[in-house]
Amino acid sequence: MSSLVSDGRPGPRADDLLILRAVAQTGRFSTAAEELDLNHTTVSRRIAALEGALGARVLVRTAGGWELTELGGRAVEAAETVAGALAAVVSAPAGASGVSGVVRISATDGISAYVISPTVARLRRAHPGLRVEIVAATRRASQIRSGLDVEVVVGRPQVHRARALRLGDYRLGLYASRAWIAEHGTPATMEEVVRNPLVYFIDSMLQVDDLDTPRRMLPGMRDSISSTNVFVHVEATRAGGGIGLLPCFMASRHPDLVRILPDFGERLAYWLVARHETLRQPAVALVVEALRRAVEEAADFLLGEGPSPFPPHAPRDAAP
């Protein structure tokens, strides 16, 4: 069904707006086609028809996928209204309640495991129709965000046509295993620390400037075991691989790790990034607000100064 635009051309069809919405979420025609149970040619044809109806481009091709134009962003806002109206008239399954939908999040390993996962698990008790996909990655905020609804990154992001929200801080510290200290002794000064091997990110693959700052504070410290995954840093340090530069909230969970030079540390910030139109989706807005509150609740924990606020078996009536 379509209406007429002001110059007499047929207006956009509602189903074409929904196809555009799927392409905007995935960044690719082929992926959107799979999700909608259509073929690639049909998706391409319907996007072309939508652009004809609107009289301008709604998508532009970039190296990372298809990106919305300004007109495309407005069209997706209209698509969200259509999707919401359809959801309101479709009968929900027996017993279903709350907000439903899929939210895709990219976030660093530590906060994914210790904050985002328990927050989502708690949230789903009130909203069983909600699904959250978490992509664990340590990288800069994307300018494209194809296929993602929300990104959680370290350091203030430089983004366009998106909202950046500072969630809260966490702290990095120097740690070694008790067994390693028994063999090598406890370094008492920074000069002694830098004579030892470092467990941290792979220097040549590190994309986040804020995570490179602590390394520059350890001049001449040679790498021992390095990885793109912070859980590898923790386990390599526990295994005696050297002195680990670790998030305090992760290291403090292991009694076999000892903090070295407690006065040394780097305070870093978690930021959340999402498109303005994406934040209008009920499922995304619900998850973003829950994450904001969870990081606030976990402020002491993330700084390594308190226990986790997320017990393994939270009461079923816990607030989302």
Tilt relative to the chain, helix 14-26 - C-alpha long axis, 0 to 90 degrees, to 10 = 20
Within segment 14-89: Cβ-based charge dipole about Cα centre, in debye rounded to nearest 20 (Lys, Arg +1; Asp, Glu -1) | 220
Of T31, T228, V135, which is farthest on the positive side of the dipole of the chain, counting Cα position, with +1 on Lys and Arg Cβ, -1 on Asp and Glu Cβ, and the Cα centre as origin?
-> T31
Net charge contributed by nearby residues that have their C-beta within less than 12 Å of L303 (K/R +1, D/E -1) = -2
Binned Cα-Cα distance frequencies in the chain - 10 Å width, integer % = 5, 23, 26, 21, 14, 7, 3, 1, 0
Using alpha-carbon positions, what is the distance between the centroids of segment 155-177 and segment 272-304, in Å?
-> 13
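State to the nearest 20 debye the size of the charge dipole of segment 169-268 about its Cα centre, where the only charges are +1 on K and R beta carbons and -1 on D and E beta carbons.
Values: 10 positive and 13 negative charges, 45 e Å.
Computed about the Cα centre, the dipole is about 220 debye.
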Log10 I(q)/I(0) at q = 0.10, 0.12, 0.21 Å⁻¹ for segment 103-214, from Debye over equal alpha-carbon scatterers, is -0.44, -0.60, -1.22
Along the positive direction of the dipole of the chain (beta-carbon charges: Lys, Arg +1; Asp, Glu -1; about the Cα centre), which of L20, A126, L165 reaches farthest?
-> L20
Amide H neighbours of L167 under 5 Å, at least 5 residues apart or on other chains, H built in the peptide plane: list them.
-> Y270, W271, L272
Euclidean distance of C-alpha centroids, segment 21-36 and segment 112-132, integer Å | 24
Farthest toward positive dipole pole in the chain [+1 Lys/Arg, -1 Asp/Glu at C-beta], among G11, V193, T237 | G11
Stretch gain in nm, segment R61-Q158, where the contour uses 0.36 nm per residue and the Cα spacing is subtracted = 32.8 nm
Between R166 and H254, what length comes free when the chain is fully extended (0.36 nm per residue of separation minus the Cα-Cα distance, one decimal in nm)?
-> 28.9 nm
Quick one: helix 282-297 against the long Cα principal axis of the chain, what's the angle to the nearest 10°, folded into 0 to 90?
-> 20
Within segment 185-206, what residues put their amide N at less than 11 Å from the label point 7 Å along the Cα-to-Cβ vector of R222?
-> 195-198
Can you figure out the FRET efficiency of R195 with R292, using R₀ = 35 Å and their beta-carbon distance, to the nearest 0.05?
-> 0.25
Could I have the simple spin-label model distance between E133 and R74, label points 7 Å from Cα toward Cβ, reported in nm to one decimal?
-> 3.0
First obtain the Kirkwood hydrodynamic radius of segment 14-89 from its Cα pairs, then insert it into the Stokes-Einstein equation at 37 °C and 0.692 mPa s, and state the resulting D in µm² per second as a whole number.
-> 268
Please get the size of the charge dipole for segment 234-285, origin at its Cα centre, with Cβ charges of +1 on Lys and Arg and -1 on Asp and Glu, quoted in debye to the nearest 20.
-> 180
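Can you give me the relative contact order of the chain as a percent, contacts being Cα pairs under 8 Å and 6 or more apart?
20
Laboratory data are not the source of any read-out in this text; all were calculated from the coordinates shown. No experiment lies behind these values; they were computed from the predicted model shown. FYI the Cβ positions are ideal-geometry reconstructions off the backbone, even for glycines, and counts take in every protein chain you see.
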